[in-house]
Amino acid sequence: MAIKKKKELDTEEKSPENRILSFPDEVLERVLIFVKCHKDRSAVSLVCRDWYNAERWSRTHVFIGNCYSVSPEMVARRFPNIRSVTLKGKPRFYDFNLVPPNWGADLHPWLVVFASAYPFLEEFRLKRMTVTDESLDFLARSFPEFKALSLVSCDGFSTDGLASIATYCRNLTELDIQESGIDDLGGSWLSCFPDSFTSLEALNFANLHSEVNFDALERLVARCKSLKVLKVNKHVTLEQIRRLLVRSPQLTELGTGSFSQDQKLRSDADLESAFSNCKNFNTLSGLWEVSSVYLPALYPVCANLTFLNLSYTALQSTELAKLLQNCPLLRRLWVLDTVEDKGLEAVASSCHLLEELRVFPADPFDQEVIMEGGGSGVTESGFVAVSEGCPNLHYVLYFCRQMTNAAVATVVRNCPNFTHFRLCIMNMCQPDYLTNEPMDEAFGSVVKTCSKLQRLAVSGLLTDRAFEYIGTYAKNLETLSVAFAGSSDRGMQCVLEGCPKLRKLEIRDCPFGNAALLSGLERYESMRSLWMSACNLTMNGCQLLARKMPRLNVEVIKEDESDDMHAEKVYVYRSVAGPRRDAPPFVLTL
Amino acid sequence: MEGEATYVSDLDNLKATELRLGLPGTDAPEKPTPASPRGSKRALLAADEECQSKSKSLGADSSGQEAAPVAKAQVVGWPPIRSYRKNSFQARKAEEEAAGLFVKVSMDGAPYLRKIDLKVYEGYKELRKALENLFKCFSLGELSGMEGCNGSEYAITYEDKDGDWMLVGDVPWEMFISSCKRLRIMSGSEARGMRSSP
């Protein structure tokens, strides 16, 4: 139902220089359909007014990285034919409880506008938004063609909201609520999918705690012949997984339920044959509470696996080693640090095509169990081992309790193509444990060697030196996360002056003050956002910034009355929508 | 730095970051304080002190090891793990602790604790060997066996479900692993006291 706009060909302007102007819009729009990436589309829209118009009529997917940077009315005015919306809300540090609840990012105002502007909307992909049951119900009833709902790290809704989606969305293909904080009122929502409903292609309810009716789930899986992605929750047992697999051998992504002792399982061979029937698996996750005796049942599907998510599975190194021997094509691996350095050595010897590794801590808050010189958890030697065996590694998230500058230098020498380097030394301000020096040289070697680096998270004891390195070398850096680091304003200044592509900067507990904040005056309009908490900012400094840069929203979160001068939590972002109209009392817009 | 006076005066009221040497796990492991800027202020102060003391030791001739473990204050949002993942761990940890399989092992005089899974050992002999391996780097002397060897200074003890400290080796292995909550390798006179009691 695209509404075509007919441009009158201006017959007087047919000279060669103007030939591009008489190019019919319909043709240009047809060409632009192939331009999918929103950054490319932004570039297209800046060429000239005709291209701006052709682009806006042909755009079907809009990506809004900060829901407060623009209003839904503005979006609807500019883009008449949107089918798919991606919206991101709260600052990322919300995930770590640094942003108070009820901060905002409510989906509802967007739904109200889009219900009339885009009645044929098909997709919502939301991250860190607040979504209520009323909103989900409104969504389900307002968009008859609705197909895909993805809620990552969202909150505010309960299983009742899911019931509305299941009941009213006749054409649903995707329902994914991963890692959302949901009020779990029971599993009956799944039974709301009508018997006539067969279009489901992806279903992810791994984070729900309550049991769904297994019969309803089995019948749903059986009648949805296009189902490719199925991620169930902990309550689904091994025998139940076996039955689901028998119904849907066409699955490409599976998130298992509990993988432990199940009396109902007739035999291990049955389980293994159910897995062997699935020839198209590329992703495996779940594996809650694994009894290692059942792991061999997975071996048939490991051959084609490209993504293995074991981050909720407390595997030991030998179990992991045996499993990985069957996964030669693995590109992405997420594990818990229970596998230890030995486990990572197994990764290095089995998975030479590995591109992404994430190692999560099994016991991050166990502060008394300090590991030095080996023990549980992973150390610098596991990191080096992986880099030696996996030269294609370009994405790493690594939680550890000890690290050395030399080890990091070795890692990036082995793997110079890092685009995402996120190292978290869990003990705050910890130096190189062998030399007792700051970790400045480690991150220096990262930015000097990895010219394609887009995302960096630093940790350990760091002085301004580290930030000098970042500002000097990290010319492609887009996202930087800093905590408990730096010695003075100069650190932050180096980054703001030196990193031209910086879009997101999030800082907590660093000695950066007003001078540092104000040194970035020229930068913030080309960035998505800046977050600074527990630094040395004052209300005066923030007010000065707000006065000088009227197109930025400078927000201070004030949770107690005691210190009027200190700006405890500051969130700065560019916006064409002006100050928020829905700010709660603790958010002050300056 | 503005607001410094406020930092210092707030310290008296700040129970949440009170340094404690109590048993681990006796408090709720980590309560995300919903609206507590003081938390981060104190964290900054604590972190600053730590960072300053660390930078002071740079360049000085230091052994590079800490003399004693610091019971670190819980800081809001650190390490940066999403709530969802955190909740999974805590649920699993609670399950594990209830099952009595993963236990902490402390050794008098050692700078840090270790953690072991009792399930992997078949009996007391294996356990003793494993403990020797774990702590041998401290060269604090040999572990006493359950046989009460002469000349050794240590006794392996455990805390059972009732909170009593018992000498390891007196009950059948299965009973031991189901009731053991944590292990402590005691030294000196305390050890002798344990060994000689009936």
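Residue count for region A:559-573 under the criterion of being closer than 20 Å to A:Leu517 by Cα and surrounded by fewer than 19 Cβ atoms within 10 Å (Cβ to Cβ): the result is 2. Confirm whether A:Leu111 is among the aliphatic types (A, V, I, L, M), surrounded by 19 or more Cβ atoms within 10 Å (Cβ to Cβ) and within 23 Å of A:Glu179 (Cα to Cα). Judged against the criteria, A:Leu111 is a match. Among the residues making up region A:89-109, those that are within 10 Å of chain B (Cβ to nearest Cβ), without any contact (Cβ under 8 Å) to a residue 60 or more places away in the chain and assigned to a loop (DSSP other than H, G, I, E, B) are A:Asn97, A:Pro101. When the criteria are applied in full, A:Phe146 meets the requirement of being surrounded by 22 or more Cβ atoms within 10 Å (Cβ to Cβ), away from chain B (no Cβ under 14 Å), in a loop (DSSP other than H, G, I, E, B) and not basic (Lys, Arg).
Selection over region A:461-518 of residues that are of a type in the set (Gly, Ala, Ser) and at the interface with chain B (Cβ under 10 Å from one of its Cβ atoms) gives a count of 6.
Residues in region A:532-544 that are within 20 Å of A:Pro101 (Cα to Cα) and facing another protein chain (nearest Cβ under 9 Å): A:Ser533, A:Ala534. If you check A:Pro416 against the conditions, is it in a loop (DSSP other than H, G, I, E, B) and over 28 Å from A:Tyr524 (Cα atoms)? Considered against the rule, which asks whether it is in a loop (DSSP other than H, G, I, E, B) and over 28 Å from A:Tyr524 (Cα atoms), A:Pro416 comes out as yes.
Within region A:557-590, the set of residues being in contact with a Ser or Thr (Cβ under 9 Å, 6 or more places away or on another chain), of a type outside the set (Ser, Thr, Tyr) and closer than 22 Å to A:Ser526 by Cβ comprises A:Val570, A:Val572, A:Arg574, A:Val576, A:Ala577, A:Gly578, A:Pro579, A:Arg580.
If you go through region A:545-563 and keep only what is within 14 Å of chain B (Cβ to nearest Cβ) and touching a Leu at 6+ places or on another chain (Cβ under 9 Å), you end up with A:Val556, A:Ile557, A:Lys558. The strands (runs of 3 or more DSSP E) found wholly in region A:251-347 include none carrying at least 3 residues that are modelled with pLDDT under 95 and either more than 19 Å from B:Phe102 (Cβ to Cβ) or basic (Lys, Arg) (or both). When you check A:Val112 against the structure, is it among the β-branched types (Val, Ile, Thr), modelled with pLDDT of 95 or more and assigned to a helix (DSSP H, G or I), yes or no? In short, yes.
The set of residues from region B:165-179 being of a type outside the set (Ser, Thr, Tyr) and touching a Gly at 6+ places or on another chain (Cβ under 6 Å) comprises just one member, B:Trp173. Of A:Asn204, A:Asn233, all but one fail to be buried (at least 16 other Cβ atoms within 10 Å of the Cβ) and modelled with pLDDT under 95; the exception is A:Asn233. The set of residues from region A:332-354 being within 20 Å of the chain's Cα centre (by Cα), away from every other protein chain (no Cβ under 14 Å) and surrounded by fewer than 20 Cβ atoms within 10 Å (Cβ to Cβ) comprises just one member, A:Arg332. Restricting to region A:149-175, give me the number of residues that are hydroxyl-bearing (Ser, Thr, Tyr) and either within 14 Å of another protein chain (Cβ to nearest Cβ) or free of Cβ contacts under 8 Å to residues at least 12 places away in the same chain (or both). The qualifying residues number 1.
Does region A:254-273 include one or more residues that are charged (D, E, K, R), closer than 28 Å to A:Glu355 by Cβ and surrounded by fewer than 19 Cβ atoms within 10 Å (Cβ to Cβ)? No; the residues of region A:254-273 include none that is charged (D, E, K, R), closer than 28 Å to A:Glu355 by Cβ and surrounded by fewer than 19 Cβ atoms within 10 Å (Cβ to Cβ). Once region A:416-443 is narrowed to residues that are surrounded by 22 or more Cβ atoms within 10 Å (Cβ to Cβ) and more than 14 Å from chain B (Cβ to nearest Cβ), the residue that is farthest from A:Asp363 (Cα to Cα) is A:Phe418.
The values are calculated or read from the model by the stated rules, or taken from the named source; none is laboratory data. Just so it is clear, the structure is predicted and the values come from calculations on it, not from any experiment. With ideal geometry, Cβ positions are generated from the backbone for all residues, glycine too; neighbour counts draw on all protein chains shown.
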